[in-house]
Amino acid sequence: MRAPLPPASAPMPPATAAPVPSATPAGAPALPLRRDDPLDPPPALGLLREETPISRLAFPDGAEGWLLTRHEDVRAILADNRFSADRITASSPVRRVTFKPEDRPGLLLTMDPPDHTRLRRLLTPYFTTRRMQALAPRIEGIVDEHLDALRAAGPPADLVPAFTLPIPSLVICELLGVPYEDRARFHAWAATALSLTTTDEEVFAARDALTGYMRELVDAKRRDPDDGLLGVLIRGDNDLTDAELGGIGRLLLIAGHETTANMLSLGTLTFLNHPDQLAAFRADPGIADRAVEELLRYLTIIQFGTTRVALEDADVHGRRVRRGETLVLSLPAANRDPAHFDRPDELDVTRPPSQHVAFGHGIHQCLGQQLARVEMRIAFTRLFEGLPGLRLAVPADEVPMRHDMAIYGVHRLPVAWEE
């Protein structure tokens with residue numbers, strides 16, 4: 001048996017410690033960040049949803065815009081082509097830095113039709129439900145390999161580097177054709193780019209480093225294309241530029257490991273904090289798909305929401321939004337809206353499908369959502385079967401949460417189990 005883990009560090013400071021101004025000179029409030037419970041959204045979001053579903057919002061760059069918190073309004077804006085997804089022109093709700101124009105090629109998150117339509121149509125056939133389900137045997141093998149390693153080393157362990165991070169990283173590397181041995185570099189670049197405590201210069205440097213890495217990889221695959229998605233796209237009959245290929249690779253690599261890794265770690269913590277729901281999940285593996293959907297809704301790890309920019313003056317829920325203003329769509333608030341979900345603040349792994357917006361909605365709905373679902377279903381099922389008596393190795397309030405990151409989760413997850 002290994003020596004016990006050292007005690008986890010104190011929890012991260014409350015999210016209000018993030019570098020966000022409290023108000024603009026005009027007095028509009030900043031995005032609510034303080035959580036009373038690490039598994040629940042900030043309570044202030046719920047109050048706004050009830051009292052002021054569309055409210056004025058201050059941004060760190062000094063601009064003012066709007067915050068939307070109702071499920072109905074969020075879905076409507078996500079499906080409305082009068083609102084642009086171009087983050088280069090949008091204000092960020094949590095930091096001054098935004099995207100640069102040179103970041104745009106291939107980055108679907110910042111694109112509008114027709115450019116978005118062209119790339120999305122090209123990529124969608126590679127991420128169908130059928131194709132992702134066909135990956136299940138390989139994902140099962142990867143999950144089992146990591147469980148074997150955990151059992152061989154013995155408890156305790158930090159589940160993040162031992163299980164939740166490497167599994168989606170290896171899967172997306174194999175899917176794209178990215179060398180897995182480079183993971184330390186792209187993990188570090190992603191962590192820097194997604195952190196709220198890094199400087200603007202550090203964020204841009206991390207993005208530039210990842211862009212350069214992907215373009216070198218594209219160059220290598222043009223000389224010797226393999227069977228990974230990037231190689232397939234290079235060999236295909238399309239008009240993709242090297243810059244677009246690099247941007248596509250960068251987006252899929254980061255989104256493909258950061259989001260699923262944090263859902264796996266935060267979902268495991270949630271199960272361990274809700275033993276009744278874990279018991280229901282273990283008792284009936286047939287509810288695995290429902291459990292995954294419920295965790296996606298309940299946790300909503302895109303914790304600061306997503307942005308849209310008004311392309312014209314528009315009326316939204318009785319308020320006049322002016323052309324050029326940024327709207328922040330609070331996905332966590334929308335996914336806890338009692339007007340749409342019964343008992344929204346309760347975790348219920350038997351809940352029927354509920355049109356949550358954890359993956360967004362409309363033309364920008366997450367391209368890799370079916371892959372994430374397959375990974376989570378397999379990983380959660382195998383994890384709780386393979387490590388009997390899995391439990392936290394530290395008190396729950398000592399698990400350091402990712403208040404300081406754009407994608408919510410845990411920095412570490414110390415666990416133990418029965419040998």
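The values are calculated or read from the model by the stated rules, or taken from the named source; none is laboratory data. Quantities reported herein were computed from a predicted structural model and do not represent experimental measurements. All Cβ positions, glycine included, derive from the backbone under ideal geometry; neighbour counts span all protein chains shown. What goes into the accessible areas is simple: the full protein's heavy atoms, side chains included, and nothing from ligands, DNA or RNA. Shrake-Rupley method; radii C 1.70, N 1.55, O 1.52, S 1.80 Å.
So, by mean Cβ neighbours within 10 angstrom, what's the order for 273-279, 157-163 with the highest one leading?
Details: 273-279: 15.0, 157-163: 20.1.
Per-residue mean Cβ counts within 10 Å order the peptides as 157-163, 273-279.
Got a sec to turn the phi values of the range 173-179 into Karplus ³J(HN,Hα) couplings, 6.51 cos²θ - 1.76 cosθ + 1.60 with θ = phi - 60°, whole Hz, x for Gly and Pro?
Once θ is set to phi - 60°, the couplings for the range 173-179 become 5, 5, 5, 7, x, 9, x Hz.
If you roll a 1.4 angstrom probe over the protein chains with everything in place, what fraction of the accessible area of the chain belongs to carbon and sulfur, to the nearest %?
53 percent
Heavy-atom accessible area per residue, the chain, 1.4 Å probe: how many Å²?
Heavy-atom accessible area per residue stands at 42 Å².
Quote the convex hull volume per residue of the range 26-140, based on C-alpha atoms, as a whole number of Å³.
Numbers: hull volume 20.3 nm³, N = 115.
Here the figure is 177 Å³ per residue.
Rank these by accessible area, largest first, 1.4 Å probe: Lys221, Lys100.
Accessible-area ranking of Lys221, Lys100, largest first: Lys100, Lys221.
Report, by chain and number, residues whose modeled amide H sits under 5 Å from the one on Gly305, excluding near sequence neighbours (fewer than 5 apart, same chain).
Leu331
Can you give me the Cα centroid spacing of the range 113-165 and the range 202-267 in angstrom?
16 Å
Pairs of Cα atoms under 8 Å, at least six residues apart: use those to get the relative contact order of the chain, whole percent.
Numbers: 711 pairs, mean separation 109.5, N = 419.
Relative contact order, the chain: 26 percent.
With contacts defined as alpha carbon pairs under 8 Å and 6 or more residues apart, what's the relative contact order of the range 162-267 in percent?
In percent, rounded to a whole number, it is 40.
Can you give the FRET efficiency for Arg56 and Ala209, using 1/(1 + (r/R0)^6), R0 = 45 Å, r = Cβ-Cβ distance, to the nearest 0.05? List each step's numbers first, then the result.
Values: r = 37 Å, r/R0 = 0.82.
Result of the calculation: an efficiency of 0.75.
What FRET efficiency comes out for Glu419 versus Asp227 if R0 is 25 angstrom and r is the Cβ-Cβ distance? Round to the nearest 0.05.
0.05
In what sequence, highest mean first, do 356-363, 202-209 appear when ranked by Cβ atoms within 10 angstrom?
356-363, 202-209
Determine, for each peptide in 257-267, 406-416, the mean count of other beta carbons within 10 angstrom over its residues, then list the peptides with the highest first.
Packing proxy ranking, top to bottom: 257-267, 406-416.
Ordered by residue, what ³J(HN,Hα) values in Hz, to whole numbers, does the range 266-272 give under the Karplus form 6.51 cos²θ - 1.76 cosθ + 1.60, where θ = phi - 60° and Gly and Pro are x?
Per-residue couplings from phi come out as 5, x, 5, 4, 5, 4, 5 Hz.
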